[in-house]
Amino acid sequence: MSRFRHLTKLYRRIGEGWSLGIVSLLAIAVLVTLLASPWDRPGHQSGTLLLYCANGMNRPVNEIIHDYLDQYGVNVQAIYDGSGNLLSRIRAKNGDGDLFISADSGFMRDAQKLGLVAEIIPVAIIRPALVVHGPTQEKLTAAGSPVAGVKDLLRDDLKVFLGNPEGTAIGNVGRRFFQLAGIWGELERRRTGRGARVSTVGTVNEVVQQVQTNPDSVGLAWDAVGKQFPGVVVVPLPDAKAFFERIEIGVLRKSANPATALRFARYLTAGDAGLQVFAKYHFEPMPDADAWRVSPRLHLSAGAMLEPGVRDVVKAFSEREGVRIDTSYAGCGILVSQMESIRRGDKPGYFPDAYLSCDVSFADMVKQWFEPARIILENRLVIIVPKGNPKGIKSLDDLKRDDVRIGLPHPRNSAIGKLVRDMLVHAEFPESAYNTKKNPRLINSDAAHTLVNQMCAGHLDVAIVGRSNALSNPANIEKHIDVIDIDRPGAVAVQTFSIARDSGNRQLMRRFLDALLAPESLMRFERLGFTVKIK
């Protein structure tokens, strides 16, 4: 029962013994307490959202809207029409509104290209199918000639109803399917000719309603929508398997309440919330749905060198989505060790929802627990020396000298440290160049940025770090260090992003990846010395 119903009961009970004036003051006080600082209290929201929704989803969406209002007090005003018609409305209103549910991913992509939609979350899969007037199909079956496939749309004993190909998803998909089947031209001729046997109506619901009420009729509709209407027989179309569509919900870029809109979108697309309602109405929910949480708490593990580029993305994403992201920044060797300990049960902790590695080699070490890693960046290794290069360092060969203090990232705890060790071993450098036991002037650090700090403090003569470590603080370049490029095979770290297979927040983390790959975010990484390398 919602808080608002509890409030009503409280009002009635108190009202039995108190005067109306006192009750009114108390009710107002309680209501003010409920409505103040809504995000400080888990589970409470307020406000009104405007949702543009494809007509075929009206039944499950209406139920979800009612349930959400009852539980969280957020009113969602829905406008139902064909997906294309809705997109035209949104454009005419210059993108005003909060949410858009499309039955055709093509219309959603168009909305995204036009800059109208920001985040997109998959909802369910739908497939085109024939819908036949029930008693008519029984009669035809008894006569040995039931409606069985797309060619039956050209029969002279049947009236055909189709969706509008310009304004509705089912009409648009139907046109493409019929063109491939080679019958679109004949259907158009029958629609415009004398004694027309083909009619174009509005939305998919209207197609099914026409078939439901007109004997000797057939139409094309989404399978899930056809199954919602009694007196209609749904005939699957095996040849139309490739024409399945994804229902998606998009958050409008101009939404005045993005966190509220995204919360409703997460509720609607949660496997244990809105998608159960969609399944009840015969829709096939998309796999990998997130679990419903009013205020999700996520965990991101990221290599320490990535922190300067990730920090602002985490902050902005958390605020827009209304979620909390806990971050662990450390050398990748340390992060991998922590993950392994958690999986073994040796160490309590929250396994990360996603891992942003400093190098693909460390992502490979934990790949059994993550979806395939996505390559997003590269970071070249560089030599850093004190400003003015007093020791005259020119290349890696100077690591062999016995008069320089050397700093290298730790070969086990740091991704860059492992790359440096592998590179020097492969080049047959003496162990004194990379092994602390062989060289007392050599130090290791778990994080490369620590070496930059030590260089700036005058404790080192030469160090190897990532270019991003060297460029993370412009003042260091200006006052304290010089950078020397390394032109050798293996002198590059490849950064990857991967999502935990058993995370309950995979859709959220995919949207976080989208935020990480947004142009402004990538520009920030490039300023820090990374190279964008998306694969």
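Just to verify a result, which residue in region 180-205, among those that are in a helix (DSSP H, G or I) and hydrophobic (A, V, I, L, M, F, W, C), is surrounded by the fewest Cβ atoms within 10 Å (Cβ to Cβ)? Selected residue: 180. Among 142, 148, 124, 169, which is the only one that is in contact with a strand residue (DSSP E or B) (Cβ under 7 Å, 6 or more places away or on another chain) and surrounded by fewer than 16 Cβ atoms within 10 Å (Cβ to Cβ)? Just a single option satisfies the conditions, and that option is 148.
Taken over region 82-114, the criterion of being out of contact with any helix residue (DSSP H, G or I) (no Cβ under 6 Å at 6 or more places or on another chain) and of a type in the set (D, E, K, R) is satisfied by 89, 91, 93, 96, 109, 110, 113. Filter region 420-452 for residues that are surrounded by fewer than 16 Cβ atoms within 10 Å (Cβ to Cβ) and assigned to a helix (DSSP H, G or I); which is farthest from the chain's Cα centre (by Cα)? Here the answer is 431. Residues that are crowded, with 20+ Cβ neighbours inside 10 Å, modelled with pLDDT of 95 or more and assigned to a loop (DSSP other than H, G, I, E, B) within region 462-510 comprise 503, 505, listed in sequence order.
Scanning for something assigned to a loop (DSSP other than H, G, I, E, B), over 16 Å from the mean Cα position of the chain (by Cα) and surrounded by fewer than 18 Cβ atoms within 10 Å (Cβ to Cβ), does region 518-534 turn up at least one residue? So far as region 518-534 goes, yes, one or more of its residues are assigned to a loop (DSSP other than H, G, I, E, B), over 16 Å from the mean Cα position of the chain (by Cα) and surrounded by fewer than 18 Cβ atoms within 10 Å (Cβ to Cβ). Any residue in region 306-314 that is in contact with a strand residue (DSSP E or B) (Cβ under 7 Å, 6 or more places away or on another chain), not hydrophobic (A, V, I, L, M, F, W, C) and not assigned by TED's automatic domain parsing to the domain that holds residue 517? Among the residues of region 306-314, not one is in contact with a strand residue (DSSP E or B) (Cβ under 7 Å, 6 or more places away or on another chain), not hydrophobic (A, V, I, L, M, F, W, C) and not assigned by TED's automatic domain parsing to the domain that holds residue 517, which makes the answer no.
Within region 496-513, being touching a residue at least 24 places away in the same chain (Cβ under 8 Å) and under 9 Å from the mean Cα position of the chain (by Cα) holds for 506, 507, 508, 509, 511, 512, 513.
Going by what's in this entry, would residue 146 be described as assigned to a loop (DSSP other than H, G, I, E, B), modelled with pLDDT of 95 or more and not β-branched (Val, Ile, Thr)? Against the criterion (assigned to a loop (DSSP other than H, G, I, E, B), modelled with pLDDT of 95 or more and not β-branched (Val, Ile, Thr)), residue 146 qualifies.
Every condition in (1) under 24 Å from residue 472 (Cα atoms); (2) in contact (Cβ under 8 Å) with a residue 40 or more places away in the chain; (3) in contact with a Ser or Thr (Cβ under 8 Å, 6 or more places away or on another chain) holds for residue 335 except the one numbered (2).
Scanning region 160-192 for residues that are of a type in the set (D, E, K, R) and within 43 Å of the chain's Cα centre (by Cα) yields 166, 175, 176, 186, 188, 191.
Within region 198-254, being within 30 Å of residue 50 (Cα to Cα) and basic (Lys, Arg) holds for 227, 246, 253, 254. For region 226-269, which positions are over 18 Å from residue 122 (Cβ atoms), assigned to a helix (DSSP H, G or I) and touching a helix residue (DSSP H, G or I) at 6+ places or on another chain (Cβ under 8 Å)? Passing the criteria: 226, 239, 240, 258, 259. Residues that are of a type in the set (Ser, Thr, Tyr) and touching a residue at least 40 places away in the same chain (Cβ under 8 Å) within region 447-472 comprise 468, 472, listed in sequence order. When region 210-254 is filtered for residues that are among the β-branched types (Val, Ile, Thr) and surrounded by 18 or more Cβ atoms within 10 Å (Cβ to Cβ), the ones remaining, listed by number, are 211, 218, 225, 232, 233, 234, 235, 247, 249, 251.
The sole residue among 377, 306, 356 that is aliphatic (A, V, I, L, M), closer than 21 Å to residue 517 by Cβ, surrounded by 23 or more Cβ atoms within 10 Å (Cβ to Cβ) and within 18 Å of the chain's Cα centre (by Cα) is 356.
Here is a check on your reading of the model: is residue 272 within 26 Å of residue 247 (Cα to Cα) and outside the structural domain of residue 505 (by TED's automatic domain parsing)? In short, yes.
The values are calculated or read from the model by the stated rules, or taken from the named source; none is laboratory data. For clarity, every value in this text was computed on a predicted model and none was experimentally measured. So basically every Cβ, Gly included, is an ideal-geometry build from the backbone, and we count neighbours across all protein chains shown.
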